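Report on the structure given below.
None of the figures in this text is laboratory data; all of them are computed from the coordinates on show. Every value quoted in this text rests on a predicted model; they were computed, and no experiment measured them. Here the Cβ is made from the backbone with ideal geometry for all residues, glycine too, and neighbour counts use every protein chain on show.
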Amino acid sequence: MLRLTLVAEIPQIEWPISPDLVPETPVVLDFLEFIAASVGKPIEGYYHPYFRHHHLDFERSEGLAAFVSDLNFLFARNGIAYSLTDAGLAERILPEGLREILPDTIFHTGDSETDRLLEKASSQVTSPRLEARQDALESLWDAFERLKTLEDGADKKAKADALLDKVATVGSQLRACLGAEALALTQIGNTFHIRHKETTQEILGKPEQIDYLFHRMFAYIRHVLKATSRGG
């Protein structure tokens, strides 16, 4: 029953597990989540004298907590940048800096779709799967484009300028730097395979590239949100 259920949910796993074939990391994490979904601490109950064994019950919360704790200890001891949550779900440990600010950031932009995109990006960037982190980057850039239109103005440029005028003093060097960074981030979104999927866009194939661009954009958006009382 275990084998049939396992291969149905995670066909990349061989059962019995081969000591010579190491699956890809996302497959291993899927397997750990599969086990975590059913793990429990065995509790001895009524003793059956004829068969000379105890009937067993299983305490779900305590067993799951011990399983998660043991696995996270192994991850940490071996320098593996993943962990299991209290619910038994795998997530990666974010790079330093982003790891400290992401959980504490709140989104109250006044636009529900912008908030949704920011929440989605924040959630998906912790995924062990590269595809999910690419989706997180796209959602973050989409949120950035919407954020530039939340202030009043005759057109998108005027609205974006009005937003940055609230972030830094008009005519200051910081205001000029923020405008230049907004333009650079817009060009990044148009140049790389983030918001557009044409063949001319360069694909970001390495995790560290995605982390760098996500951290850069997230830091910018968070500063704008804090400066305009929209969260952050």
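Any residue at all in the range 134-149 that is more than 18 Å from I210 (Cβ to Cβ) and either loosely packed, with under 15 Cβ neighbours inside 10 Å or hydroxyl-bearing (S, T, Y) (or both)? Before the answer, list the steps.
Within the range 134-149, the subset more than 18 Å from I210 (Cβ to Cβ) is 145-149.
Those still in the list that are either loosely packed, with under 15 Cβ neighbours inside 10 Å or hydroxyl-bearing (S, T, Y) (or both) too: 149.
Looking for residues that are more than 18 Å from I210 (Cβ to Cβ) and either loosely packed, with under 15 Cβ neighbours inside 10 Å or hydroxyl-bearing (S, T, Y) (or both), one finds at least one in the range 134-149, hence yes.
Against the list (1) under 24 Å from T191 (Cα atoms); (2) crowded, with 16+ Cβ neighbours inside 10 Å, the condition A90 fails is (1).
Count of the range 20-55 residues, restricted to those that are under 12 Å from G88 (Cβ atoms) and aliphatic (A, V, I, L, M), is 6. Taken over the range 150-174, the criterion of being surrounded by fewer than 20 Cβ atoms within 10 Å (Cβ to Cβ) and touching a residue at least 40 places away in the same chain (Cβ under 8 Å) is satisfied by L150, K166, V167, A168. Counting the residues of the range 80-134 that are among the small types (G, A, S) and touching a Pro at 6+ places or on another chain (Cβ under 6 Å) gives 1. Please enumerate the residues belonging to the range 128-165 that are closer than 29 Å to S83 by Cα, in contact with a Leu (Cβ under 7 Å, 6 or more places away or on another chain) and not in a helix (DSSP H, G or I). Within the range 128-165, P128 is the sole residue that qualifies. Tell me, please, whether a residue that is of a type in the set (A, V, I, L, M), within 23 Å of D104 (Cα to Cα) and in a helix (DSSP H, G or I) can be found in the range 183-205. So far as the range 183-205 goes, no, none of its residues is of a type in the set (A, V, I, L, M), within 23 Å of D104 (Cα to Cα) and in a helix (DSSP H, G or I). If you take the residues of the range 93-115 that are under 26 Å from Q201 (Cβ atoms) and more than 14 Å from the chain's Cα centre (by Cα), which of them is surrounded by the most Cβ atoms within 10 Å (Cβ to Cβ)? Looking at residues that are under 26 Å from Q201 (Cβ atoms) and more than 14 Å from the chain's Cα centre (by Cα), I get T114.
Here G110 fulfils each of the conditions (1) without any contact (Cβ under 8 Å) to a residue 60 or more places away in the chain; (2) on the phi > 0 side of the Ramachandran plot apart from (1).
For the range 18-53, filtering for residues that are free of Cβ contacts under 8 Å to residues at least 60 places away in the same chain and outside any loop (DSSP other than H, G, I, E, B) leaves 17. Beta carbons closer than 9 Å, at least 6 apart along the sequence or on distinct chains, pair a first residue in the range 130-142 that is farther than 15 Å from N190 by Cβ and in contact (Cβ under 8 Å) with a residue 12 or more places away in the chain with a second that is outside any helix (DSSP H, G or I) and among the β-branched types (V, I, T) for R133/V125; R133/T126; Q134/I194; A136/V125; A136/T126.
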